[in-house]
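The values are calculated or read from the model by the stated rules, or taken from the named source; none is laboratory data. This one's a predicted model, so the numbers in the text were calculated from it and none came from an experiment. FYI the Cβ positions are ideal-geometry reconstructions off the backbone, even for glycines, and counts take in every protein chain you see.
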Amino acid sequence: MTPLDYEFLRKLLKERSGLDLSSDKQYLVESRLIPLARTAGLPGIAELIQKIKGGSDALTSQVVEAMTTNETFFFRDKLPFDHLREAIIPEMLRARANRRALRIWCAASSTGQEPYSIAMCLKEVGAALAGWRIEILATDLSQGVLEKARAGIFSQFEVQRGLPIQMRSSISSRLESCGSSMPISAPWFSTGN
């Protein structure tokens, strides 16, 4: 890949996704985009770039999706979820008591473990949310990961990775009855992009 091609892709990714690649990430771009070029029937990245410059919106979207990480797990990063439980949710309940409505946007939600974790935090509040209108909107650049989030089905590995032990034990019978995957539902959860 030429330096000009790399700069074009860096600019494209920054504009389309906010991804800000440093100058030393060319190897990462090549490792993710060469297979995409081959799948598209193109010999290499230079030809991929030419198609994009020619106006191929579908290929541009595929390039952006190929460069996203999609790393997620339940209750990823403990401190923000502790802060959500201890400070943000109580404050939101006070501030919105008259409206009795909460809307939470979870951007870059990947396959959904983080927005489902938010739903679990809200469920812990229990009766205090009775009669409230609640919406959790999960968005991501990748339609593929949003489909998985929308389905709400997670493998045993995904459930065990990050889900606190006390929550795992309360759903273990559901997990066993579903075999190797477990559906998780949250009535307030929706996906978009």
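Any residue at all in the range 96-119 that is surrounded by fewer than 17 Cβ atoms within 10 Å (Cβ to Cβ) and in a helix (DSSP H, G or I)? There is no residue in the range 96-119 that is surrounded by fewer than 17 Cβ atoms within 10 Å (Cβ to Cβ) and in a helix (DSSP H, G or I).
A single entry from Pro35, Pro90, Pro43 fulfils the requirement of being at pLDDT 90 or above, part of a helix (DSSP H, G or I) and in the same structural domain as Asp20 (by TED's automatic domain parsing): Pro35.
Suppose we filter the range 50-76 for residues that are free of Cβ contacts under 8 Å to residues at least 40 places away in the same chain, part of a loop (DSSP other than H, G, I, E, B) and surrounded by 13 or more Cβ atoms within 10 Å (Cβ to Cβ); how many remain? Summing the residues that are free of Cβ contacts under 8 Å to residues at least 40 places away in the same chain, part of a loop (DSSP other than H, G, I, E, B) and surrounded by 13 or more Cβ atoms within 10 Å (Cβ to Cβ) in the range 50-76 gives 1. Selection of first residues in the range 140-169 that are in the same structural domain as Thr60 (by TED's automatic domain parsing) and of second residues that are hydroxyl-bearing (Ser, Thr, Tyr) and surrounded by fewer than 14 Cβ atoms within 10 Å (Cβ to Cβ), restricted to Cβ pairs under 8 Å at least 6 apart or on distinct chains, gives an empty result.
Scanning the range 1-20 for residues that are surrounded by 17 or more Cβ atoms within 10 Å (Cβ to Cβ) and either without any contact (Cβ under 8 Å) to a residue 24 or more places away in the chain or farther than 20 Å from Leu141 by Cα (or both) gives Met1, Asp5, Tyr6, Arg10.
For the range 21-43, the set of residues classified as among the β-branched types (Val, Ile, Thr) and loosely packed, with under 13 Cβ neighbours inside 10 Å consists of Thr39 only.
Determine whether Ala46 is surrounded by fewer than 17 Cβ atoms within 10 Å (Cβ to Cβ) and in contact with an Asp or Glu (Cβ under 7 Å, 6 or more places away or on another chain). If you could, list the steps in order and put the result at the bottom.
Numbers: surrounded by fewer than 17 Cβ atoms within 10 Å (Cβ to Cβ): yes; in contact with an Asp or Glu (Cβ under 7 Å, 6 or more places away or on another chain): yes.
Against the criterion (surrounded by fewer than 17 Cβ atoms within 10 Å (Cβ to Cβ) and in contact with an Asp or Glu (Cβ under 7 Å, 6 or more places away or on another chain)), Ala46 qualifies.
Mind checking whether some residue in the range 152-163 is modelled with pLDDT of 85 or more, within 28 Å of Ala58 (Cα to Cα), surrounded by 12 or more Cβ atoms within 10 Å (Cβ to Cβ) and under 17 Å from the mean Cα position of the chain (by Cα)? Working first, answer last.
Just the residues of the range 152-163 that are modelled with pLDDT of 85 or more, to begin with: none.
Looking through the range 152-163, none of the residues is modelled with pLDDT of 85 or more, within 28 Å of Ala58 (Cα to Cα), surrounded by 12 or more Cβ atoms within 10 Å (Cβ to Cβ) and under 17 Å from the mean Cα position of the chain (by Cα).
For the residues Leu79, Leu102, the requirement of being within 18 Å of Lys123 (Cβ to Cβ), of a type outside the set (Val, Ile, Thr) and either out of contact with any helix residue (DSSP H, G or I) (no Cβ under 9 Å at 6 or more places or on another chain) or touching a residue at least 24 places away in the same chain (Cβ under 8 Å) (or both) singles out Leu102.
When Leu28, Leu59, Leu102 are checked against the criterion of being modelled with pLDDT under 90 and assigned by TED's automatic domain parsing to the domain that holds Gly131, Leu102 stands alone in meeting it.
Just give me the residues in the range 1-18 being closer than 19 Å to Lys53 by Cβ and not charged (D, E, K, R), in sequence order. Talk me through it step by step, then tell me what you get.
Looking only at the range 1-18, we keep the residues that are closer than 19 Å to Lys53 by Cβ, and these are 1-17.
Scanning the range 1-18 gives Met1, Thr2, Pro3, Leu4, Tyr6, Phe8, Leu9, Leu12, Leu13, Ser17.
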